[in-house]
Amino acid sequence: MHVAVDASRLVQEKRGMGRYVRNLLRELPLVRDGVSFTMHAGKGEENSDLRALLTTLGGTAARAPIRATAELAISTADVVWYPWNFVSPVATRAPIAVTIHDIVPMIQLDHRWWKVWKRAKYRRRYTNAVQTSHAILADSAFTAQEIKRLLNPDMTKVHEVLLASDDFAPTVVDVQPLLDRLNVSGPFFMAVGAHEARKNLPVLFEAMRVLASRGIAIPLVLCGPGARLSKVGRHGDDRWLRHAGFVSDQELAALYSRATALVFPSLYEGFGLPPLEAMQCGGRVVCADASSLPQVVGNAALLFPPTDVNALVGQLTRLLSDTALQAELTQRSVAQAARFTWRATALNTLAAFDAAMARFRTR
């Protein structure tokens, strides 16, 4: 099977979608003999950054030729794979498979006028993706239902293909210097993510204020972008807030392992890699009972309604005071994370590619 890949964002996407694509480029040839790739990015072979990245993947991907993005339109590969939510330029001579990770740009959580304008633009792009594709890969059952609810595609084209985090293993990197810099010497909660309405961080900040008002002094280590995010926390006493900024994958894995829990209050996730990453590292998770998250965490996390501060406070307090529960959640986390593998993702991806080719032949 010859797969033409829209690799236009592969270099810039360091986590999330980029991790997904890199792992599948490694795994697809391992689960089926004869899989080969052509990468499409920029103007083609002059893309030295992409070539350097591909050499780190080994095997078939490392040897893949690089062609211009524009040539996707005339590709005659067995299947053309668009892994970044959208189909552009549209392949006209080959089956199209598109991965839709989520439809976040279309959800109504920010009503500023330019956001409304951008949502209209993205609706057109998503509509184009579902109409031109022969197979749609959705990251979770929730994403598949959202695609159905808002885009109304032919649902026989939609394939649920769950992600994994097998490459995000526990690490022996020493994060004590980082914790020392943040003045963290004992138990701590951690959170990750940007300042977006859907990430729901104000609910977590309010829960931390309630804990502090009850004399429970535990820091919250926040990983991710800084100024605006820290500003959200600065209402009243926020001495519990420790902003770590961007950290490496190795540091993040070590923090997942060391933290009392990752707290993930997000309202809307197409899949939700951070909880799975934390569980892969043996970390405990407290997360919102919303969108795709229950499917990802199973019975391995403490859940709470995403807008209920008191429920979140209750789960955090319960976890802090119950060492037996902490040990139980660690065991459940490792078992739950083991259910998600890139091999399974690759097998389901190939099944979707096969379906795209069959649909293309019978159009």
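Checked against the criterion of being assigned to a loop (DSSP other than H, G, I, E, B) and of a type in the set (A, V, I, L, M), the candidates A300, A344 yield just one match: A300. What about N310, is it open to solvent by 30 Å² or more (accessible area, probe 1.4 Å), assigned to a loop (DSSP other than H, G, I, E, B) and either at pLDDT 95 or above or among the aromatic types (F, W, Y) (or both)? No; evaluated as a whole, the condition is false for this residue. Suppose the filter is at pLDDT below 95, of a type in the set (D, E, K, R) and more than 24 Å from the chain's Cα centre (by Cα); does K43 pass it? The answer is yes for K43.
Every test in (1) open to solvent by less than 30 Å² (accessible area, probe 1.4 Å); (2) within 30 Å of R363 (Cα to Cα); (3) not in a helix (DSSP H, G or I) is passed by G44 save one, and that test is (2).
For the residues D289, D354, the requirement of being open to solvent by 20 Å² or more (accessible area, probe 1.4 Å), under 25 Å from V203 (Cα atoms), without any contact (Cβ under 8 Å) to a residue 40 or more places away in the chain and out of contact with any Cys (no Cβ under 9 Å at 6 or more places or on another chain) singles out D289.
Within the stretch 206-225, residues that are under 15 Å from A259 (Cα atoms) have Cβ atoms under 6 Å from residues that are open to solvent by 20 Å² or more (accessible area, probe 1.4 Å) and modelled with pLDDT of 95 or more in these pairs: I218/P187, counting only partners at least 6 apart in sequence or on another chain. Scan the stretch 55-79 for residues that are aliphatic (A, V, I, L, M) and either assigned to a loop (DSSP other than H, G, I, E, B) or in contact (Cβ under 8 Å) with a residue 12 or more places away in the chain (or both) and jot them down. Within the stretch 55-79, L57, A61, A64, I66, A68, A70, L72, A73, I74, A77, V79 qualify.
A Cβ distance below 7 Å, combined with a sequence gap of six or more or placement on separate chains, defines the contacts here; from the stretch 124-151, residues that are surrounded by fewer than 23 Cβ atoms within 10 Å (Cβ to Cβ) reach residues that are at pLDDT 95 or above and acidic (D, E) in the pairs A141/E160; A144/E160. Does D78 satisfy being among the acidic types (D, E), at pLDDT below 95 and in contact with a helix residue (DSSP H, G or I) (Cβ under 7 Å, 6 or more places away or on another chain)? No. Taken over the stretch 255-272, the criterion of being surrounded by fewer than 23 Cβ atoms within 10 Å (Cβ to Cβ) and either assigned to a helix (DSSP H, G or I) or at positive phi (or both) is satisfied by S257, R258. Checking each residue in the stretch 4-16 for being over 18 Å from A70 (Cβ atoms) and either open to solvent by 40 Å² or more (accessible area, probe 1.4 Å) or modelled with pLDDT of 95 or more (or both) picks out Q12, K14, R15.
The values are calculated or read from the model by the stated rules, or taken from the named source; none is laboratory data. Because the structure is a prediction, the values reported are computed rather than measured. Glycine also receives a Cβ, built like all others from the backbone with ideal geometry; neighbour counts cover every protein chain displayed. All accessible areas refer to the heavy atoms of the entire protein, side chains included, with ligands and DNA or RNA removed. Shrake-Rupley method; radii C 1.70, N 1.55, O 1.52, S 1.80 Å.
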